[in-house]
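Please treat every number below as a calculation from the coordinates, not as lab data. Not measured: the values here are computed from a predicted model. As a convention, Cβ positions derive from the backbone with ideal geometry for all residues, glycine included, and neighbour counts pool all protein chains shown.
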Amino acid sequence: MVSRPMLEIVSLQKCFGDNVILRDINLKVAQGELVFIIGPSGSGKSTMLRCCNRLEEPSGGDVIVDGRNIMSGTRRDLDLMRLKVGMVFQGFHLYPHMSVLNNVTLAQRKAMGRTAEEAKARAMDMLERVGLAHKADAMPAQLSGGQQQRVAIARALALDPLVMLFDEPTSALDPELVGSVLAVMKDLKAKGMTMLVVSHEMGFARETADRVIFMDGGVVVEEGAPDEIFGAPKAERTQAFLSRVT
Ligand code: ADP
Ligand code: MG
């Protein structure tokens, strides 16, 4: 049986003025799959992720989440689908004036209509999952960068996403804090989350990714299993990129 993809990107295009950033991106991510994306700076990786929940408006193409096209439907459909596509950025974007707990409950209450009690229960479960239940009453500034990023992950998970998108989640962290965030991501994968990850952590990709995609010039140049892409890249552009970064 072929199950339908959890996330499908079809002929995605994005231009900024005359600049064509995404030319024709096609990508299917199966349920529970972790797809790892690499490519030179400026190749459109962030733009592609942002198009997946229309933080960036695609110039053409379709994005289908769990069988629903987020490019069609009402504004309300879009708001609901946005909740299903969790996003974690390089900067953590926590509200500095709110406790960790309130950071994780806010969108649950405002966007999902959960009661304060429901939201708190779900938040505590998710904080537990990222190892930070004991920090629920702390303010973001009292946490390390790695802890703040794990709160950002808990906040996204609390909205019951179908897919999680990570845009360089460890790039802003001191090296000694990277491992704790990768460990949370690895646990998420083990629990069956569907994930699209842009990162430079090639070791993590080798261990955890089902597939690696190399993007350049607005297209997917090459894709394959981590061993294939890192061990024996076929395209010249992939070889050149990997020889620069590894
Ligand atoms: P990556 O994440 O792979 O480094 P980005 O998706 O951030 O690449 O950017 C791809 C290209 O799109 C870059 O050339 C960048 O300057 C351009 N770009 C990104 N966002 C905008 C924007 N809002 N307006 C104009 N150009 C943009
Ligand atoms: Mg980027």
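Of note:
- Per-residue 3J(HN,Hα) values for region 224-234, derived from phi via the Karplus relation 6.51 cos²θ - 1.76 cosθ + 1.60 with θ = phi - 60°, read x, 5, x, 4, 5, 5, 7, x, 8, x, 8 Hz in sequence order (x marks Gly and Pro).
- Evaluating kT/(6 pi eta Rh) at 25 °C and 0.890 mPa s, with the Kirkwood radius of region 183-246 over Cα pairs in the Stokes-Einstein relation, gives 197 µm² s⁻¹.
- Relative contact order of region 82-205: 35 percent, from C-alpha pairs under 8 Å at least 6 residues apart in sequence.
- Here the relative contact order of region 43-145, from alpha carbon pairs under 8 Å that lie six or more residues apart, stands at 21 percent.
- Of all aspartates and glutamates in the structure, those lying under 17 Å Cα to Cα from LYS120, and not within fewer than 8 positions of it along the same chain, are GLU128, ASP137, ASP160.
- Cα gyration tensor, region 1-93 - rounded (a/c under 1.5), prolate or oblate: rounded
- Simple Cβ-charge dipole of region 92-246, Lys/Arg +1 and Asp/Glu -1, about Cα centre, in debye nearest 20: 480 debye
- The value obtained for region 66-198, namely the Cα convex hull volume divided by the number of residues, is 109 Å³ per residue.
- For the chain, radius of gyration divided by Kirkwood radius, i.e. Rg to Rh on alpha-carbons: 0.97
- Taking every DSSP beta bridge that has both ends in the chain, the antiparallel portion is near 55%.
- Whole-Å distance, taken between Cα centres, linking region 39-85 and region 167-246: 21 Å
- Selection among LEU101, GLY145, LEU157 by position relative to the dipole of the chain gives LEU101 as farthest towards the positive end (Cβ unit charges, Cα centre).
- Rounded to the nearest 500, the 222 nm mean residue ellipticity of the chain from helices alone is -11000 deg cm²/dmol, with -39,500 (n - 2.57) taken per DSSP H run of at least 4 residues.
- Charge dipole of region 1-140 (Cα centre as origin; +1 on each Lys and Arg Cβ, -1 on each Asp and Glu Cβ, all else neutral): 160 debye, rounded to the nearest 20.
- The chain, relative contact order in percent, only Cα pairs under 8 angstrom and at least six apart counted: 26 percent
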